[in-house]
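Enquirer: Mind looking over this structure? Questions follow.
Since every read-out is calculated from the coordinates, none of them should be taken as a lab result. Bear in mind the structure is a predicted one, so any value in this text is a computation, not a measurement. Cβ atoms come from the backbone with ideal geometry, glycine included; neighbour counts cover every protein chain shown.
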Amino acid sequence: MNNIFDSHAHYTDSAFDNDRHPLLASLPKAGVCGIINCGTDIKDSKESVLLSHKYDFMYAAAGIHPHEASKTKNCYLAQLSELLADKKVVAIGEIGLDYHYDFSPREVQKRLFDEQLRLAKKFSLPVIIHNRKAHADTLEILKEHKPAGVLHCFSGSVEVLKEVLDLNMYIGLGGAVTFKNAKKVLAVAFAVPLDRLLIETDCPYMAPEPHRGERCNSSLIPFTAAKIAEIKNISVDEVLSVTARNAQRLFLQERYI
Ligand code: NI
């Protein structure tokens with residue numbers, strides 16, 4: 001069965017420098033049918049686009065992560081626009097707010113988030129949102145722009161989930177659902193309608209149990225899917241098939257299906 005669609009990965013990360021190509025080439029045999037490789041700054045987004053050209057099943061997202069916001073030059077919007085013209089670029093991401101680490105001043109994070117959401121609208125592209133400990137501001141900005149997209153590695157409460165669903169956005173869940181203290185995210189996994197759910201790794205990070213702490217890759221997604229299947233009382237195969245269809249609908253539309 002070829003129905004693993006990893007909606008959020010970072011295969012440009014140096015953790016994959018020693019075996020990136022053999023690993024990626026092995027993934028279809030492990031059941032992987034799609035990967036969205038997300039950019040974190042201009043250089044990483046460019047590398048992500050180049051990598052996506054080497055694999056039919058890989059697509060790229062280009063964007064500036066909130067961690068990189070303060071290091072970003074003023075010309076970044078023009079540079080991003082150039083990348084967005086590439087046919088393998090299917091989203092803007094990852095973009096958003098991170099008030100846990102606060103690596104960039106919050107005002108700068110918010111400005112870049114706002115500017116990239118405007119760019120997404122201009123190019124009619126979905127967005128991949130990173131939100132850590134910034135639920136109120138993230139929701140406020142999303143309500144203003146109403147983009148198509150996903151809140152990746154969703155860490156909000158069921159109340160925040162409801163507001164996101166009202167915006168017709170998707171929820172991305174990954175390895176965290178398998179972790180021992182995952183009470184809040186399990187409540188979200190139970191409450192999220194199947195047609196709004198995407199599955200992801202965020203690799204090389206967030207490997208699901210029993211591989212927690214190891215380098216993650218897309219072939220480990222069935223462990224995450226098994227936990228969601230248990231919570232929703234459906235089969236693993238259904239979780240994988242439906243989340244793959246959702247990702248194809250959001251990111252690929254009729255362009256590639
Ligand atoms: Ni990420």
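Enquirer: Of the residues Met206, Met169, which is touching a strand residue (DSSP E or B) at 6+ places or on another chain (Cβ under 7 Å) and hydrophobic (A, V, I, L, M, F, W, C)?
Expert: Being touching a strand residue (DSSP E or B) at 6+ places or on another chain (Cβ under 7 Å) and hydrophobic (A, V, I, L, M, F, W, C) holds for just one of Met206, Met169, which is Met169.
Enquirer: In segment 149-177, what residues are part of a helix (DSSP H, G or I) and either crowded, with 23+ Cβ neighbours inside 10 Å or within 17 Å of the chain's Cα centre (by Cα) (or both)?
Expert: Hits for segment 149-177 are Leu161, Val164, Leu165, Gly175, Ala176, Val177.
Enquirer: Would you please name the residue that is nearest to the chain's Cα centre (by Cα), looking only at residues in segment 203-237 that are more than 30 Å from Asn18 (Cα to Cα) and touching a residue at least 40 places away in the same chain (Cβ under 8 Å)?
Expert: Within segment 203-237, the match that is nearest to the chain's Cα centre (by Cα) is Ile228.
Enquirer: While we're here: Please find, within segment 203-235, the residue that is nearest to the ligand (Cβ to nearest atom) out of those that are in a loop (DSSP other than H, G, I, E, B) and charged (D, E, K, R).
Expert: The extreme case among them is Arg215.
Enquirer: Name every residue in segment 150-206 that is among the polar types (S, T, N, Q), touching a helix residue (DSSP H, G or I) at 6+ places or on another chain (Cβ under 8 Å) and more than 23 Å from His10 (Cβ to Cβ), in order of residue number.
Expert: Ser157
Enquirer: What's the total number of residues in segment 110-128 that are within 16 Å of the ligand (Cβ to nearest atom) and outside any helix (DSSP H, G or I)?
Expert: Residues in segment 110-128 being within 16 Å of the ligand (Cβ to nearest atom) and outside any helix (DSSP H, G or I): 3 in total.
Enquirer: May I pose another question? For segment 59-76, indicate whether the set of residues that are among the hydroxyl-bearing types (Ser, Thr, Tyr), touching a residue at least 12 places away in the same chain (Cβ under 8 Å), within 16 Å of the ligand (Cβ to nearest atom) and in contact with a His (Cβ under 8 Å, 6 or more places away or on another chain) is non-empty.
Expert: Going residue by residue through segment 59-76, those that are among the hydroxyl-bearing types (Ser, Thr, Tyr) are 59, 70, 72, 76.
Those still in the list that are touching a residue at least 12 places away in the same chain (Cβ under 8 Å) too: 59, 70, 72, 76.
From what's left, within 16 Å of the ligand (Cβ to nearest atom): 59.
The next check asks that each one be in contact with a His (Cβ under 8 Å, 6 or more places away or on another chain); those that pass are none.
The answer is no; no qualifying residue exists.
Enquirer: Across segment 116-133, what is the total count of residues that are closer than 14 Å to His65 by Cβ and surrounded by fewer than 23 Cβ atoms within 10 Å (Cβ to Cβ)?
Expert: Adding up the residues that qualify gives 1.
Enquirer: Conditions first: (1) within 15 Å of the ligand (Cβ to nearest atom); (2) without any contact (Cβ under 8 Å) to a residue 24 or more places away in the chain; (3) acidic (Asp, Glu). Glu200 passes all but one, so which condition is the exception?
Expert: In the conditions (1) within 15 Å of the ligand (Cβ to nearest atom); (2) without any contact (Cβ under 8 Å) to a residue 24 or more places away in the chain; (3) acidic (Asp, Glu), Glu200 misses (2) alone.
Enquirer: Could you count how many residues in segment 140-167 are among the acidic types (Asp, Glu) and within 13 Å of the ligand (Cβ to nearest atom)?
Expert: Count: 0.
Enquirer: Scan segment 129-139 and tell me whether some residue there is within 13 Å of the ligand (Cβ to nearest atom) and in contact with a Cys (Cβ under 8 Å, 6 or more places away or on another chain).
Expert: The answer is yes; a qualifying residue exists.
Enquirer: Within segment 7-32, work out how many residues are more than 14 Å from the ligand (Cβ to nearest atom) and either among the charged types (D, E, K, R) or closer than 19 Å to Ile128 by Cα (or both).
Expert: Residues in segment 7-32 being more than 14 Å from the ligand (Cβ to nearest atom) and either among the charged types (D, E, K, R) or closer than 19 Å to Ile128 by Cα (or both): 4 in total.
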